[in-house]
Amino acid sequence: MILLQDKLFQRSEVHIDIEDRGFQFGDGIYEVIRVYNGKSFGMAEHMERLERSAKEIQIHLPYPIELLVERLNDLVRATNLKDGQIYIQITRGVFERMHHFPIHPQSTLVAYTKETVRPIDKMENGISAITTEDIRWLRCDIKSLNLLGNVLCKQQAKEANCEEAILIRGNTVTEGSSTNVFIIKEGTLFTHPANNYILNGITRNEIIQIAKSEYLPIKEEAFDKEMLLDADEVIVTSTTMEITPVTMINDHQIGSGERGPITKKLQMKFNEKVEEVQNATN
Ligand code: PDD
């Protein structure tokens, strides 16, 4: 089943026009929302970010957020999704191809669900990453459909048999190609501040909250490649990767080469939040 605007359809019934601006220009926004045991995680935060992204590029949501949340819940039920994700995208709609905005755009909203297993093995044993130049535009805070820079960096990681590309702009580590990055040095967590150079991740904010409630020192401060490689622990975070340790970067071992104690603690606390969602009654 697919949510198109505010109605559910079979996938074969849904057709998107070739002049949809999402298709031609990547002129739209999206969200990926995790579902655990049929219940969404951080729906309010995802909807807040979706509204913000829409506002930043002057896309009008086709109907109110409250109704959208209801429709997304209907979609989860209709697809009988237990563990997986909801993908939603909203584009500036269909119009004869021209770069500037149409005068009365009618946004296209599409959402579907997908089963996804939690990356338990990676969360326990870690992943390898490369560093590469952050070649993206200067509004990475908008969750835009334009992901070409991210795609090219992720492909570079894949070709190096790695899971993630950690992006570096100038001397600064910004984020991963589809994740936020944290380092831990002598007990202190560092992550890039939430500005136009990164996407302000929902998982990132969960970790900041956990760190604060556990009295772990945390600095939302930029750090460089040297600090990254010299860190005791490095983690990447996202809706689908959750909290995944990076144990190898550019063939250089990070810390002990295994998941570190602070990573483990953050994962444990994050898991408690997941369990709360899994056991919720509605
Ligand atoms: N990616 N930074 C970038 C560039 C991302 O694409 C993502 C998420 C994140 C983490 O954000 P969050 O914790 O809200 O998922 C950071 C999603 C999952 C994707 O594109 O599939």
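The values are calculated or read from the model by the stated rules, or taken from the named source; none is laboratory data. Small disclaimer: the values here were computed from a predicted structure and weren't measured. Neighbour counts are summed over all protein chains in view; Cβ atoms, including those assigned to glycine, are modelled from backbone coordinates with ideal geometry. These area figures cover heavy atoms from the full protein model, side chains too; ligands, DNA and RNA do not enter into them. Shrake-Rupley method; radii C 1.70, N 1.55, O 1.52, S 1.80 Å.
Annotations
- In the chain, the DSSP-assigned H stretches of four residues or longer account for a calculated mean residue ellipticity at 222 nm of -9500 deg cm²/dmol, using -39500 (n - 2.57) per stretch and the full residue count as denominator.
- Considering all C-alpha pairs of the stretch 120-277, those separated by over 25 Å amount to 21%.
- 0 to 90° range, to nearest 10: angle between helix 43-56 axis and the chain longest Cα axis: 70 degrees
- One Cα centroid belongs to the stretch 265-280, the other to the stretch 45-88; the line between them spans 22 Å.
- Using a Förster distance of 30 Å, the FRET efficiency for Asn196-Val151 (Cβ separation, nearest 0.05): 0.90
- Theoretical FRET efficiency, 1/(1+(r/R0)^6), r = Cβ-Cβ of Gln10 and Glu272, R0 30 Å, to 0.05: 0.20
- For Ile254, distant residues with modelled amide H under 5 Å away: Met248, Ile249
- 1.4 Å probe accessible area per residue over the stretch 2-115, in Å²: 54 Å²
- Among Gln253, Phe95, Ser177 the positive-end extreme of the charge dipole of the chain (Cβ point charges): Phe95
- Two-decimal ratio, the stretch 38-183, of alpha-carbon radius of gyration to 2.2 N^0.38 Å: 1.21
- Each Lys and Arg adds +1 at its Cβ and each Asp and Glu adds -1 at its Cβ; summed about the Cα centre, the stretch 119-181 shows a dipole of about 260 debye.
- Given charges at beta-carbon only (K, R positive; D, E negative), |dipole| of the stretch 1-156 in Debye: 200 debye
- With Cα atoms, 0 to 90° folded angle of helix 65-78 axis to the chain main axis: 80 degrees
- Convex hull volume of the Cα atoms of the chain, normalised per residue: 132 Å³.
- Above-threshold pairs, the threshold being 31 Å between Cα atoms, out of Lys39/Lys185; Lys122/Lys143; Lys114/Lys219; Lys122/Lys185: Lys39/Lys185; Lys114/Lys219
- Ellipsoid equivalent to the stretch 182-226 - semi-axes via the Cα gyration tensor, in Å: 17, 15, 7
- Whole-percent carbon and sulfur share, accessible surface of the chain, 1.4 Å: 49 percent
- Å³ per residue enclosed by the Cα convex hull of the stretch 126-198: 95 Å³
- Rounded to the nearest 10 degrees, the inclination of helix 261-279 to the longest alpha-carbon principal axis of the chain is 30 degrees.
- nm² value of the averaged projected area, convex hull over the Cα atoms of the stretch 2-115: 6.8 nm²
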